[in-house]
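Shown next, in structure tokens, is the structure this report addresses.
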Amino acid sequence: SLLGKAERAALLLARRGGCAGEQGPAMAEVKPDSLLDNYSALLMPAKTMSEGGAPDDGTAAASATRAQRRRFYLALGVAYFAIAIGIYKYVENWGPAETCVFLLSIVTGCGYGHLVPATNAGKIITAIFIVIGLILFATVAGQILDFVVRGEIDYVVGVLGPGSQDAACIQERKNKERRQHFLTGLVNVTVLLTCTVSFLMIAWKHSLADAIYDAGVTVLKLDNICSLPEVKCSHGWHASAGGHQMSLLFAMVWYLLTYGTIGHFLVAASSYMGTDSEARMTTLKKFDHKRLARMDHDGDGMVSRSEFLRDRLLQGGVCCAEDIDLILRNFDELDVDGSGVLCKRDMGLSTSLAKTMSGAKPTASGPAGDLA
């Protein structure tokens, strides 16, 4: 029934998912309990820490917020296309397929010119839709990408290697996850290029050299599928109409398939192969006088679990002193009786104090009365 200050700090740090320290990025890469286990190994027998089934105050709320934000962005994307279909039908007399292909070309920045507006009103509206589309696409693309490739990632991860749950710590799990995402993206790009080359050779009778070249150009987004003579997205370059419906539908599917695949691969590759400056925690092999002086924050000649946790987080460069002090001050606010631990007594005192602050007088039978 008691919750120590160090346990409170470790719990809040873990739930918080990150503290933006000056020397390191994400606190989510750190496992606070491992620091406390190191403390126990140095000074006292190990102690098992448990939350006792307490609700997750941080990650659950963050997940709900992310889900709500994802739905909002997707609704904005749908509204963007729906409004554009109505406007371009009236201004340019385009059908839904022509409008969607045109919008995909302006938001992705690939393939613009195969279909363009002919009227002055259409040109002005297009300039507005380009600005809005680029901003919107930057937010919606990640949500769509996560939704489309998540199932395939899980499948490929199961085939290529063990799950990230086998890792010993959060840092190792993150590294495995990056590697698995990179391998998944590499497999996706390879399969897509191979299938495209085969399709061009079999269905459209391209030579091997032409099929490889056209697959590279269209899959890797140097240009879109409308650049091929077999796909009629319009009458010709800078035309305002004349696309075949099947070609337009094929172009839409091709946009979504290739852009999602290439986008995921580029993000995964940059994350896996880029520089990793994340903080890394280490454990102490011995405890000496210098460490005692550095860790003894309150100057009492002893190092408590909370002081040990504070020192290791600061030395690891994953958090700044202000962030830790903020968490510990929160603990002190909840520790109404000043005992140094949180217990049921603090619950009663905080309830009584809240009633007093709101103008309600505590009764003698309440927690304040029991305390008296």
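Numerical summary
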{"read-out": "Lone qualifier among 208, 228 - being in contact with a helix residue (DSSP H, G or I) (Cβ under 8 Å, 6 or more places away or on another chain), open to solvent by 30 Å² or more (accessible area, probe 1.4 Å) and not small (Gly, Ala, Ser)", "value": "208"}
{"read-out": "Close pairs (6 angstrom Cβ cut-off, 6 or more residues apart or separate chains): among the aliphatic types (A, V, I, L, M) in the stretch 195-209, open to solvent by less than 60 Å² (accessible area, probe 1.4 Å) anywhere", "value": "197/211; 197/215; 200/206; 200/211; 200/214; 201/211"}
{"read-out": "Condition check for residue 142: at pLDDT below 75, assigned to a helix (DSSP H, G or I) and either touching a Cys at 6+ places or on another chain (Cβ under 7 Å) or closer than 30 Å to residue 243 by Cβ (or both)", "value": "yes"}
{"read-out": "Selection from the stretch 65-82 of residues that are open to solvent by less than 80 Å² (accessible area, probe 1.4 Å) and more than 19 Å from residue 129 (Cα to Cα)", "value": "65, 67, 70"}
{"read-out": "Test: residue 136 is out of contact with any Cys (no Cβ under 9 Å at 6 or more places or on another chain), modelled with pLDDT under 75 and surrounded by 14 or more Cβ atoms within 10 Å (Cβ to Cβ)", "value": "no"}
{"read-out": "Members of the stretch 316-340 found to be open to solvent by 60 Å² or more (accessible area, probe 1.4 Å) and assigned to a helix (DSSP H, G or I), listed by number", "value": "322, 326, 329, 332, 333, 334"}
{"read-out": "Complete set of residues in the stretch 231-251 that are at pLDDT below 80 and crowded, with 17+ Cβ neighbours inside 10 Å", "value": "240, 243"}
{"read-out": "Residues within the stretch 184-229 that are outside any helix (DSSP H, G or I) and modelled with pLDDT of 90 or more, tallied", "value": "4"}
{"read-out": "Scan of the stretch 77-125 for residues that are part of a helix (DSSP H, G or I), touching a residue at least 12 places away in the same chain (Cβ under 8 Å) and of a type in the set (D, E, K, R), ordered by number", "value": "98"}
{"read-out": "Subset of the stretch 88-112 that is over 17 Å from residue 252 (Cβ atoms) and of a type outside the set (Ser, Thr, Tyr) - its residue that is surrounded by the most Cβ atoms within 10 Å (Cβ to Cβ)", "value": "92"}
{"read-out": "Selection status of residue 259, under 30 Å from residue 316 (Cβ atoms), open to solvent by 20 Å² or more (accessible area, probe 1.4 Å) and hydroxyl-bearing (Ser, Thr, Tyr)", "value": "no"}
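The values are calculated or read from the model by the stated rules, or taken from the named source; none is laboratory data. As the structure is a computational prediction, the values presented were derived from the model and not from experiment. Here Cβ is always computed from backbone atoms with ideal geometry, including for glycine, and neighbour counts include all displayed protein chains. Side chains are part of the model used for accessible areas, which takes the heavy atoms of the whole protein and leaves out ligands, DNA and RNA. Shrake-Rupley method; radii C 1.70, N 1.55, O 1.52, S 1.80 Å.
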